[in-house]
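The values are calculated or read from the model by the stated rules, or taken from the named source; none is laboratory data. Here the structure is a predicted model, which is why all the values come from computation and not from measurement. Quick reminder, even Gly has a Cβ in these numbers, built from the backbone with ideal geometry, and neighbours come from all protein chains shown.
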Amino acid sequence: MGCVLAKKAKHPVGYEDPIILAAETAFTVNEVESLYELFKKISYSIIKDGLIHKEEFQLALFQNSNNRNLFADRIFDLFDVKRNGVIEFGEFVRSLSIFHPKTAQDEKIAFAFKLYDLRGTGFIEREELKEMVTALLNESDLFLSDDLIETIVDQTFKLADSNCDGRIDSIEWKEFVMKNPSLLKNMTLPYLMDVKMSFPSFIMNSEAD
Amino acid sequence: RPAVMNAFELISTSQGLNLGVLFEK
């Protein structure tokens with residue numbers, strides 16, 4: 001006893017000041033505080049440490065913490081900028097900012113390129129594209145013959161790989177996306193225009209003036 | 001109708017890429 005002054009830290013490891021995060025992202029301070037409500041919900045869902053572990057991310061996306069999914073893994077890895085196996089609050093806010101409707105298209109194009117460049121070589125290679133198509137088909141319980149998958153991948157490369165070197169570089173990717181803007185559809189989350197409505201408890205917890 | 005589907009169109013439909021789910025309910 002006698003520890004009346006000992007106070008538990010208010011925020012967990014990885015917490016960053018909303019004022020700084022707002023200055024560096026597309027969000028306002030109040031929106032960052034609202035995002036903290038969402039972050040807390042996810043980051044305390046299994047392991048109560050205020051960090052998003054992969055199982056918690058899977059649980060939030062699929063209502064099942066064991067649902068392995070190549071694309072969710074890629075998103076998790078890209079959000080985990082420090083590559084320490086967890087998503088911290090600052091990483092969460094900065095990454096989500098890319099999905100903000102007001103964020104420049106170039107940032108979204110670059111993020112999608114990194115997402116699909118599975119091995120981080122700076123190119124989307126043919127094998128990577130085939131692996132992603134196969135993963136999507138498995139996820140959807142759709143069956144296509146290997147021949148048809150090959151045809152789809154070949155056809156896509158004919159359209160996207162303009163210098164015909166067997167891999168898609170970031171410039172070819174940008175050109176391809178400009179011609180096929182629907183490919184960026186899931187890089188924009190309209191919900192982010194209205195975060196305060198989704199997670200209104202910021203009003204109770206706000207530290208901003 | 002295009003003869004063959006664009007592979008990126010196909011993979012962009014993955015549930016794993018639908019972060020909107022995080023904001024629902």
Which one is modelled with the highest pLDDT, of the residues in segment A:173-209 that are farther than 23 Å from B:Val21 by Cα and outside any helix (DSSP H, G or I)?
A:Asn180
Which condition from (1) over 27 Å from B:Gly20 (Cβ atoms); (2) of a type in the set (D, E, K, R); (3) in a helix (DSSP H, G or I); (4) free of Cβ contacts under 8 Å to residues at least 12 places away in the same chain is the one that A:Glu150 breaks?
(4)
Of all residues making up segment A:111-148, the number that are farther than 23 Å from A:Phe79 by Cβ, surrounded by 15 or more Cβ atoms within 10 Å (Cβ to Cβ) and of a type in the set (A, V, I, L, M)
3
Quick one: is A:Asp77 outside any loop (DSSP other than H, G, I, E, B), within 11 Å of chain B (Cβ to nearest Cβ), at negative phi and among the acidic types (Asp, Glu)?
no
Residues in segment A:17-27: is at least one free of Cβ contacts under 8 Å to residues at least 12 places away in the same chain and in contact with a strand residue (DSSP E or B) (Cβ under 6 Å, 6 or more places away or on another chain)?
no
Could you list, in sequence order, the residues of segment A:98-115 that are over 12 Å from the mean Cα position of the chain (by Cα) and either more than 16 Å from A:Glu24 (Cα to Cα) or at pLDDT below 95 (or both)?
A:Gln105, A:Asp106, A:Ile109, A:Ala110, A:Phe113
Taking the options A:Thr156, A:Thr151, name whichever one is in contact with a helix residue (DSSP H, G or I) (Cβ under 6 Å, 6 or more places away or on another chain), under 13 Å from B:Leu10 (Cβ atoms), within 12 Å of chain B (Cβ to nearest Cβ) and polar (S, T, N, Q).
A:Thr156
Out of the residues in segment A:23-66 that are within 16 Å of A:Leu192 (Cβ to Cβ) and β-branched (Val, Ile, Thr), state the one that is surrounded by the most Cβ atoms within 10 Å (Cβ to Cβ).
A:Val32
When segment A:160-173 is examined, which residues are found to be crowded, with 16+ Cβ neighbours inside 10 Å and touching a residue at least 12 places away in the same chain (Cβ under 8 Å)?
A:Ala160, A:Arg167, A:Ile168, A:Asp169, A:Glu172, A:Trp173
Pick from segment A:95-113 the residues that are touching a residue at least 24 places away in the same chain (Cβ under 8 Å) and in a loop (DSSP other than H, G, I, E, B): which of them is farthest from the other protein chains (Cβ to nearest Cβ)?
A:Lys102
When you look at A:Asn64, is it outside any helix (DSSP H, G or I) and within 14 Å of another protein chain (Cβ to nearest Cβ), yes or no?
yes
